[in-house]
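Written below as structure tokens is the structure these notes are about.
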Amino acid sequence: MSEETIFSKIINGEIPSDIVYEDEHCVAIKDIAPKAPVHLLVIPRQPIPRLADAGPADRALLGHLMFAAAEIARQAGVDEAFRLIVNNGAGAGQTVFHLHLHILAGKDFSESQMGF
Ligand code: AMP
């Protein structure tokens, strides 16, 4: 079992958040410190700490998160152009150790480097 993070508390309703999407396997919330006009986080209900901690049993869930991200982008009206980011490990900028996908959109990323 992994330690409880702020995202588990959000999913359990212990901490308020701006939820924009929910299904059986994941929730999406607005990032509290947005780095783009649209900045959403897709969070699996199952608390896998990092992408690198996912195992073979998590394959379907990982696919689901990608699929859900596209649907969430559609619902947010940004499916023509969005960036999907996973920070894996502190050295990559991960601060919350409960796997999540960042959806960033609403600004022009076409000239920018991978940093956000
Ligand atoms: P990462 O750095 O990849 O671990 O991303 C964690 C993200 O969670 C950051 O973009 C934070 O702004 C965001 N975040 C932290 N706490 C909250 C919160 N309570 N509600 C919404 N987003 C949060």
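Here L51 does not fit the description of being open to solvent by 50 Å² or more (accessible area, probe 1.4 Å), closer than 19 Å to P37 by Cβ and within 13 Å of the ligand (Cβ to nearest atom).
If the condition is being assigned to a strand (DSSP E or B), open to solvent by less than 80 Å² (accessible area, probe 1.4 Å), within 11 Å of the ligand (Cβ to nearest atom) and more than 13 Å from L65 (Cβ to Cβ), then the stretch 22-44 contributes I29, H39. Residues that are more than 19 Å from F82 (Cβ to Cβ) and surrounded by 11 or more Cβ atoms within 10 Å (Cβ to Cβ) within the stretch 1-21 comprise S2, E4, T5, I6, F7, S8, K9, I10, I11, I15, S17, listed in sequence order. Only residues that are of a type in the set (V, I, T), touching a residue at least 12 places away in the same chain (Cβ under 8 Å) and outside any strand (DSSP E or B) were counted across the stretch 61-116, and they come to 4. Name the residue that is farthest from F7 (Cα to Cα), counting only residues in the stretch 91-111 that are more than 9 Å from the ligand (Cβ to nearest atom) and open to solvent by 50 Å² or more (accessible area, probe 1.4 Å). The residue in question is E111.
Here V78 passes the criteria (1) in contact with a strand residue (DSSP E or B) (Cβ under 9 Å, 6 or more places away or on another chain); (2) open to solvent by 60 Å² or more (accessible area, probe 1.4 Å); (3) away from the ligand (no atom under 16 Å from the Cβ); (4) aliphatic (A, V, I, L, M) except the one numbered (2). Looking across L84, L65, one residue alone is within 21 Å of S110 (Cα to Cα), within 15 Å of the ligand (Cβ to nearest atom) and either out of contact with any strand residue (DSSP E or B) (no Cβ under 9 Å at 6 or more places or on another chain) or at pLDDT 95 or above (or both). It is L84.
The values are calculated or read from the model by the stated rules, or taken from the named source; none is laboratory data. A quick note: this is a predicted structure, and the numbers were derived from the prediction, not measured. Methodologically, a virtual Cβ is constructed for each residue, glycine included, from the backbone with ideal geometry; neighbour enumeration extends over all protein chains shown. Please note that ligands, DNA and RNA were not included when accessible areas were found on the heavy atoms of the full protein model with its side chains. Shrake-Rupley method; radii C 1.70, N 1.55, O 1.52, S 1.80 Å.
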